[in-house]
1. What is the packing order of peptides 49-59, 127-137, taking the mean over residues of other C-beta atoms within 10 Å and listing the highest first?
2. Grab the other residues whose beta carbon is less than 12 angstrom from that of V46, score K and R as +1, D and E as -1, and report the net.
3. In whole Hz, with x marking every Gly and Pro, tabulate ³J(HN,Hα) for segment 36-50 from phi via Karplus 6.51 cos²θ - 1.76 cosθ + 1.60, θ = phi - 60°.
4. Give the long-range amide H neighbours of L101: residues separated by 5 or more places, or on another chain, with amide H under 5 Å away, using H modelled in the peptide plane at 1.01 Å from N.
5. Just how large is the dipole of the chain about the Cα centre, in debye to the nearest 20, putting +1 at every Lys and Arg Cβ and -1 at every Asp and Glu Cβ?
6. Can you order the peptides 77-84, 106-113 by their average number of other Cβ atoms within 10 Å per residue, highest first?
7. With a cut-off of 12 Å, note down the residues of segment 64-86 whose backbone N falls inside the zone around a label point 7 Å from the Cα of H128 toward its beta carbon.
8. Tell me the carbon and sulfur percent of the accessible area for the chain, rounded to whole percent, probe radius 1.4 Å.
Amino acid sequence: HVAAGRGEQVAYYYDSPVTGVKQRIRYAELLDEVATLAAVLADHGVAAGDRVVVYMPMIPQAIAGMLACARLGAVHSVVFGGFAAKELATRIEDAEPKLVLAASCGIEGARVVAYKPLLDRALELSQHKPSAVLMWQRPQAEASMVEGRDHDWAKAVAAARAADQVQTLHDKIEDAKASGKT
């Protein structure tokens, strides 16, 4: 849509009656967010054929995460945010993801549900250990981070933009297409 000149048109609307947040996400904004997040995932070693678990509520970042996986050719497995640790561990073992995309919390009515403690427990229970967790910190509950494994999503995306990793990734994807590797 961006290449066709529709970059300023709305790709989708986000309207959360629970948090009161309303957003219009334009195609150009979505492309930039997805491409940048894909560069972050690639920096963490995610490539075509790899798997990524998405453990998030229904927020715009979940959409960007799924599309970033698709951009790389990685398979994403969406696990409903708030799943109990044991059930999440089972899904992590089944998917064997290279990386987990997660949010710090979800909101159910007036109640904030901290996802990070559930994710940490699931990773303890799981035989499979993803190499990284990319954590979207929501203002309602900031998650504690495990050094070396957990990475702040917003900071990683900002660093990728500053380092112009998006163009580098785009060039790699185009080279792979040209050589028939995708």
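1. 49-59, 127-137
2. Result for the neighbourhood of V46: +1.
3. Residue by residue, segment 36-50 yields 5, 5, 4, 5, 5, 4, 4, 5, 8, x, 6, 9, 3, x, 6 Hz.
4. V53, V54, Y55, L134
5. 240 debye
6. Highest mean packing first, the order is 77-84, 106-113.
7. Those under the cut-off are 75-78.
8. Carbon and sulfur: 53 percent of the exposed surface of the chain.
The values are calculated or read from the model by the stated rules, or taken from the named source; none is laboratory data. As the structure is a computational prediction, the values presented were derived from the model and not from experiment. For neighbour counting, all protein chains shown are included, and Cβ atoms are generated from backbone atoms with ideal geometry for every residue, glycine included. All accessible areas refer to the heavy atoms of the entire protein, side chains included, with ligands and DNA or RNA removed. Shrake-Rupley method; radii C 1.70, N 1.55, O 1.52, S 1.80 Å.
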